[in-house]
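Notes for the one structure printed next.
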Amino acid sequence: MSESAQIAAFENVPGAGDVRIHAVDKTYPGRSGSVTALKDVNVSVKGGEFVSILGPSGCGKSTLLRCVAGLDHPSQGSITLGGQPIDAPPLDMGFVFQRDVLLDWLNVINNVLLPCKLKKLPIHQWKPKALALLKLIGLAGFEHRRPWELSGGMRQRVAICRALLLNPTLLLMDEPFGALDAMTRDELNLELQDVWLSNAKTVLFVTHSISEAVFLADRVLVMSRSPGRIVDVIPVDLPRPRTLSVRETPAFTKYVAHIRQLFESFGILRGTNVR
Ligand SMILES: Nc1ncnc2c1ncn2[C@@H]1O[C@H](COP(=O)(O)OP(=O)(O)O)[C@@H](O)[C@H]1O
Ligand SMILES: [Mg+2]
């Protein structure tokens, strides 16, 4: 395959980003009985849609994301990406974890280019894209720094660029900003929105912050635990691009209040970590 054909192979095609989760159950065996992490989860996500998955600790958010990523498998039901069953991690998927997994012995640009190395793609062809992503996310000029010279927020920006490098159809993010201070988290919410608006791709974004879920999403999937299931799907009809000041508008606070009340009705928001 020619180099340009290899690059084209990673470009999006219509419908390729549709995710369909159908009647998914996930049970883990355990010494003191099995744990049902997910129960009858059904959701269809359109290609290019930004969906937040919101729920308290232990409700199955990471399990759901791992199943979509092909890193784990449902006990029942099916998950498809672009109509194809997911039984192994799809080639055109990016994953960002709560803790960035940067390689300390590589500088920033080489960390971003790592997926090329692993897939044996021509690095020189992808370098301009890597530099453009770093610029878009506010890291121009940091290409030759080592990860240990960066703040937590900067490291997570590098991890996002790396996940986006090969233009994945699907971006999965598991509490990517959970370990950051509030102000850095706000900045990264804005930058993630910019990146998503200029590289429309399907995003499944796990968080336990109600405000973050609403700010970023086209739709919020609200999960409840024991067993983990989706209790509501809330379309967020706020214009884009969104600025932080949208959080002070009546429309935004109405979404947040509605979701908080939903959690309260399930007895969840009494001293748990859902904010
Ligand atoms: N590999 C595993 N083996 C056994 N139980 C697990 C495993 N992964 C998750 N669980 C259990 O499944 C439930 C959901 O976990 P998880 O998906 O990590 O929740 P969340 O990400 O919402 O905090 C929890 O009760 C957890 O203990
Ligand atoms: Mg988790």
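The values are calculated or read from the model by the stated rules, or taken from the named source; none is laboratory data. Keep in mind the model is a prediction, meaning the values are calculated, not measured. Using ideal geometry, Cβ is built from the backbone for each residue, glycine included, and neighbour counts are taken over all protein chains shown.
Here's the yes/no breakdown for (1) within 22 Å of Arg185 (Cα to Cα); (2) more than 20 Å from the chain's Cα centre (by Cα); (3) in a strand (DSSP E or B):
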site	(1), (2), (3)
Ala200	yes, no, no
Ala213	yes, no, no
Ser245	yes, yes, no
Ala257	yes, yes, no
Glu264	no, yes, no
Arg270	no, yes, no
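Name the single residue that is surrounded by the fewest Cβ atoms within 10 Å (Cβ to Cβ) among those in segment 225-239 being assigned to a strand (DSSP E or B) and out of contact with any Cys (no Cβ under 6 Å at 6 or more places or on another chain).
Among residues in segment 225-239 that are assigned to a strand (DSSP E or B) and out of contact with any Cys (no Cβ under 6 Å at 6 or more places or on another chain), the one surrounded by the fewest Cβ atoms within 10 Å (Cβ to Cβ) is Pro235.
Does Ser198 fit the bill of being at pLDDT 95 or above and either crowded, with 18+ Cβ neighbours inside 10 Å or under 23 Å from Gly153 (Cα atoms) (or both)?
no
Could you check, for segment 191-208, whether at least one of its residues is more than 16 Å from ligand 1 (Cβ to nearest atom) and among the aromatic types (Phe, Trp, Tyr)?
yes
Which condition from (1) over 26 Å from Leu106 (Cα atoms); (2) not aliphatic (A, V, I, L, M); (3) not in a helix (DSSP H, G or I) is the one that Asn167 breaks?
Going through (1) over 26 Å from Leu106 (Cα atoms); (2) not aliphatic (A, V, I, L, M); (3) not in a helix (DSSP H, G or I) one by one, Asn167 breaks only (1).
If a residue must be assigned to a loop (DSSP other than H, G, I, E, B) and under 21 Å from the mean Cα position of the chain (by Cα), how many such residues does segment 118-150 contain?
3
Residue-wise test of (1) outside the structural domain of Leu133 (by TED's automatic domain parsing); (2) of a type in the set (S, T, N, Q); (3) modelled with pLDDT under 95.
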residue: Gly153; (1), (2), (3): no, no, yes
residue: Ala163; (1), (2), (3): no, no, yes
residue: Gly178; (1), (2), (3): yes, no, yes
residue: Thr184; (1), (2), (3): yes, yes, yes
residue: Glu191; (1), (2), (3): yes, no, yes
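Wholly within segment 29-117, which strands (runs of 3 or more DSSP E) include no fewer than the required count, namely at least 3 residues that are within 16 Å of ligand 2 (Cβ to nearest atom)?
Counting at least 3 such residues, we get 35-45, 50-54.
I'm checking my understanding of the structure. Among residues of segment 82-106 that are over 18 Å from Val206 (Cα atoms) and in contact with a helix residue (DSSP H, G or I) (Cβ under 8 Å, 6 or more places away or on another chain), which one is surrounded by the fewest Cβ atoms within 10 Å (Cβ to Cβ)?
Out of the qualifying residues, it is Asp104.
So Lys61 ticks every box in (1) without any contact (Cβ under 8 Å) to a residue 24 or more places away in the chain; (2) under 17 Å from the mean Cα position of the chain (by Cα) but one. Which box is left unticked?
Result: Lys61 fails condition (1) only.
If Gly228 passes every condition in (1) under 26 Å from Ala16 (Cα atoms); (2) in contact with a strand residue (DSSP E or B) (Cβ under 7 Å, 6 or more places away or on another chain) but one, which one does it miss?
With respect to (1) under 26 Å from Ala16 (Cα atoms); (2) in contact with a strand residue (DSSP E or B) (Cβ under 7 Å, 6 or more places away or on another chain), Gly228 is out only on (1).
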